[in-house]
Structure formats: C-alpha cells, structure tokens
1. In debye to the nearest 20, how big a dipole does the stretch 153-416 give about its Cα centre with +1 on each Lys and Arg Cβ and -1 on each Asp and Glu Cβ?
2. Leaving out ligands, DNA and RNA, and with a 1.4 Å probe, what % of the accessible surface on the stretch 153-416 is carbon or sulfur?
3. Where does each of 266-274, 376-384, 179-187, 96-104 land if you order them by average Cβ count within 10 Å, highest first?
4. With r defined as the distance between the Cβ atoms of D247 and R379 and R0 fixed at 35 Å, what FRET efficiency is calculated, to the nearest 0.05?
5. Taking the Cα atoms of the chain, what is the range of coordinates along each of the three principal axes, in descending order and whole Å?
6. How many nm is it between the label spots at D327 and F365, if each spot is 7 Å from the Cα in line with the beta carbon?
7. On the protein heavy atoms, probe 1.4 angstrom, tell me the percent of accessible surface of the stretch 3-119 carried by carbon and sulfur.
8. Rounding to the nearest 20 debye, state how big the charge dipole of the stretch 165-318 is about its Cα centre with +1 on each Lys and Arg Cβ and -1 on each Asp and Glu Cβ.
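The values are calculated or read from the model by the stated rules, or taken from the named source; none is laboratory data. Keep in mind that what you see is a predicted model, and the values were worked out from it rather than measured. Positions of Cβ are generated from backbone atoms using ideal geometry, with glycine treated the same way; all protein chains shown enter the neighbour counts. Remember, those area values only see protein heavy atoms, side chains included, never the ligands or the DNA or RNA. Shrake-Rupley method; radii C 1.70, N 1.55, O 1.52, S 1.80 Å.
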Amino acid sequence: MAVQVFTAVTGAGWESELVGALDRDAHGVTVVRRCVDVAELLAAAATGTGQAALLSAELRRLDGEAVARLHAAGVAVVGLVEPGDEVAAQRLRQLGVSQVLPADADAEVIAAALRDAVAGVPDAGRDVADPRAALPVLVEPEEPLARPEGRGRVVAVWGPTGAPGRTTVAVGLADEAARLGAGTLLVDADVYGGVVAQVLGLLDESPGLAGAARLAGSGTLDAAGLARLAWAVRPELRVLTGLARADRWPELRPSAVATVLEEARRLAHLTVVDCAFGVEDDEELSFDTAAPRRNGATLAVLEEADTVLCVTGADPVALQRCVRGLDQLREVLPDVEPVLVVNQLRRGPVPGDPREEVAEALERFTGHRPRFFLPADRRATDAALAAGRTLAEVAPGAPLREALRGLAAELAGLRAPAPGRRRLVGRRRAG
Ligand SMILES: Nc1ncnc2c1ncn2[C@@H]1O[C@H](COP(=O)(O)OP(=O)(O)O)[C@@H](O)[C@H]1O
Ligand SMILES: [Mg+2]
C-alpha cells in the first residue's frame with residue numbers, strides 16, 4: 001500500500017508541481033492532504049490517516065515540539081530546504097527531522113525518503129558516526145572546556161522524593177570531575193525549582209537551561225550558544241542554571257531538553273544533570289496527549305543519559321522511598337538501568353554495619369546492589385552551603401569530598417590522584 005503523506009510545503013513556487021509529481025507517478029506515495037500551516041498539519045496528523053509528513057524549512061511556527069508531536073502521532077517527517085541551504089538543513093535536523101532533502105530533488109528521491117522515513121531508515125546524507133560533522137563551525141574561540149574526543153557523556157543524577165542529596169551529589173560530582181581535568185557542564189534540570197545557582201553562590205539572572213531549551217525549540221542552538229548561556233565557574237566547569245521559579249516548568253519541553261543534551265555532548269567531556277524526583281507519566285491524567293507534562297523533562301534526561309544515578313538516603317524511610325521510586329522508574333522507563341548511590345550513610349538509623357545492612361536491604365527489594373556509598377558529613381555540607389562554595393573549596397579533606405572524588409573519577413573514566421602520595425613526593429622535592 002502506498003504511504004499516505006501530508007504535505008506542508010510553503011514559500012516556494014514548486015509546491016504544486018512537486019505534489020503533482022509525487023501523486024501522479026507510481027512512487028509508492030499518496031498525498032492525502034495539503035496543509036497550509038503547522039496547525040493544520042498537526043490536526044491532520046492527529047486523525048491517524050497518514051504515515052508521513054513532507055514539510056519545508058520555511059514553514060512558520062515549525063519548532064521541535066511540533067516535530068515531536070508529529071512523531072508521537074506516528075507520522076514520520078521529511079524536510080525540504082532551498083538547494084544548498086545548509087543552515088536550514090541543520091536547523092531541521094536539530095528539530096528532530098532526520099531526513100532532509102533539497103527542494104529540487106527528484107520526486108522519485110523525495111518519495112524514497114518518505115518511504116524510508118516511515119520504515120525508520122536513518123538519513124544517508126548525515127554522517128551519524130561523527131556528530132561534529134553536522135556542526136561545521138564548532139566552538140573554536142569560545143570553548144573553554146577540554147574538547148571531547150568523541151561525544152561527551154551524560155550522567156543524570158536522579159533519586160526519589162525526600163531530598164536524598166541529588167543536588168549535593170550532582171554539584172560535587174561535576175566539581176570533582178572538572179578538578180580531575182574533564183571539561184564538565186553541570187545542568188540544573190529540576191522542574192520543581194532549581195537551586196544549583198544558589199548552592200554555588202551564583203547571582204543568577206541568566207536564562208540558563210530555559211534559555212537553551214528555547215533556542216533548541218526554535219532549532220537555533222549550537223554548542224557555542226550553549227557555552228554562552230552557561231556560567232563559567234572555572235574554565236573547566238560550566239553551569240547551566242535552572243528554573244528560578246518552579247511554575248515555569250512548561251518552558252522545559254522534553255524534546256528541547258533532549259536537544260540541549262545533544263549539544264552538551266559536543267561541548268563537554270562530561271555533562272552532569274541534576275534532576276527532579278518525579279517520573280510518573282501524568283499523560284494518562286490528561287485527555288489531551290499533547291498537553292505539556294511536568295515530568296516530561298525529567299524523563300527526557302533519564303532517557304538520554306548514558307548513566308542514571310539513583311541517589312538514596314540511608315535510613316529506613318529513605319530506603320522505602322527508594323524502593324518505590326525505582327518501581328516507578330521501571331514502569332515508565334524499563335530500559336534504564338540505574339546505578340545506586342547510597343548517600344548520608346551513618347551509624348544509627350539502621351542496626352549493625354550500616355553499609356552492609358543498607359546494601360542488603362536494597363538488593364533484596366530492588367534487585368540492585370549499590371555501587372557507591374557516600375558518608376553523612378553534615379559539617380562539610382553545612383560549611384559549603386554557608387559559603388556558597390563546593391566541598392573541595394571549603395572542606396578539601398572531608399570524607400564526603402573524598403568519596404565524591406572517587407565517584408567522579410569512576411564516572412568520567414579518569415584516575416583520581418592519590419592525595420597522600422602526591423604530598424609525599426612534594427615533600428621529598430622540597431627537602
Ligand atoms: N552526605 C551528606 N551528608 C550530610 N548532609 C547532606 C549529605 N548530602 C546532602 N546533605 C544535605 O541534605 C540536604 C538535602 O540535600 P540536597 O542535595 O539538596 O537534596 P535533593 O537535591 O535530593 O533535594 C541539604 O541540606 C544537603 O546539604
Ligand atoms: Mg535538589
């Protein structure tokens with residue numbers, strides 16, 4: 001059966017000719033509706049009568065959300081650009097259109113792209129092996145971070161409700177990775193209100209992640225733009241601050257957040273994302289499946305990340321919350337394999353050896369044995385909060401700081417320096 005196609009091709013004179021040619025010949029496609037704008041295209045997609053959309057880059061109000069909604073409706077998307085317009089092609093790709101062709105391509109070629117898109121075949125014209133090939137001008141003058149050799153890694157720091165220490169771990173992990181030499185970007189993606197700027201003592205008026213998401217939604221975000229939106233705390237540590245007001249969560253569209261992380265991989269060796277706790281898919285509560293979902297951004301981050309850390313506290317209440325949280329995570333994202341980080345480990349709230357007891361309980365109830373343990377270290381965290389600085393700055397010898405450094409070394413694939421030996425070498429030289 002022929003692929004049923006919606007078209008939304010504007011701007012140029014070739015629309016009717018192209019549609020005629022597509023329809024007339026036996027290319028295996030049938031144009032079922034010619035739409036004049038994005039709204040009509042989305043309405044058509046929602047009817048379920050087509051499998052693909054052919055649209056042009058000049059279409060007004062075309063953004064990442066519209067493309068995401070087409071995909072969500074099961075409609076594959078092929079884009080057309082003016083011949084040679086690489087900027088428009090790049091923009092369409094950033095919006096999530098994987099197949100992009102010049103508008104003067106043969107009807108046969110366009111029809112083949114539509115059929116491929118429906119079959120899920122990636123665009124052959126794009127070098128997927130080297131993501132930098134898609135960005136001809138990289139971040140030469142601006143880029144302060146150690147240039148990633150390939151794609152940078154993304155680590156999501158997530159955890160259940162009850163303040164187990166997600167932000168503490170995210171900030172500590174990013175700071176320590178940067179100190180170990182990895183160009184690092186810390187992203188505050190907490191949709192219930194971000195506090196990373198405050199924790200780091202930044203007087204934040206910057207658009208941060210919401211600004212980056214806005215550019216991503218309009219298809220104009222690149223790594224240089226991302227670098228400009230981020231605070232340079234140090235040359236190797238940049239921070240994309242979060243929502244200053246929790247009620248602005250609709251600004252963090254999931255598709256745009258995913259694009260931001262894609263660009264972050266070009267910019268930084270390691271991207272650490274501080275996430276909100278909620279993962280339940282509130283879509284079912286809404287009759288309008290295209291309505292924005294508060295947890296959508298969190299889910300997008302967890303889906304995009306190479307590693308998802310689940311931070312839990314070490315007392316019985318926290319452990320119970322962790323078990324429930326992991327259940328929920330498995331329901332909505334069954335493919336995500338979280339790495340358990342036990343934070344605030346201390347004697348007292350559980351009997352016996354707390355490390356063994358907690359590990360055993362978590363393994364029994366979640367099937368995951370925790371990989372990292374971070375001690376409770378209130379003195380150190382209080383000193384950091386009071387100064388608006390990181391643990392490495394205010395409490396360099398604190399046990400929590402040492403533990404975070406080990407975590408960073410392992411996640412960034414770097415070796416943590418052995419502090420004792422270094423000091424010894426220094427002394428010998430001095431003496
Ligand atoms: N290992 C720890 N030892 C002592 N206090 C901690 C530790 N981890 C976090 N905290 C404190 O617990 C509180 C909540 O931590 P935070 O990182 O903001 O949690 P979340 O981001 O999960 O809500 C903060 O006051 C923080 O300083
Ligand atoms: Mg937090």
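1. 820 debye
2. Carbon-and-sulfur percentage of accessible area, whole number: 50.
3. Packing proxy ranking, top to bottom: 266-274, 179-187, 96-104, 376-384.
4. Once the sixth-power term is evaluated, E becomes 0.50.
5. 83, 50, 35
6. Label-label distance for D327 and F365, simple model: 1.0 nm.
7. 50 percent
8. Here the size comes out at about 580 debye.
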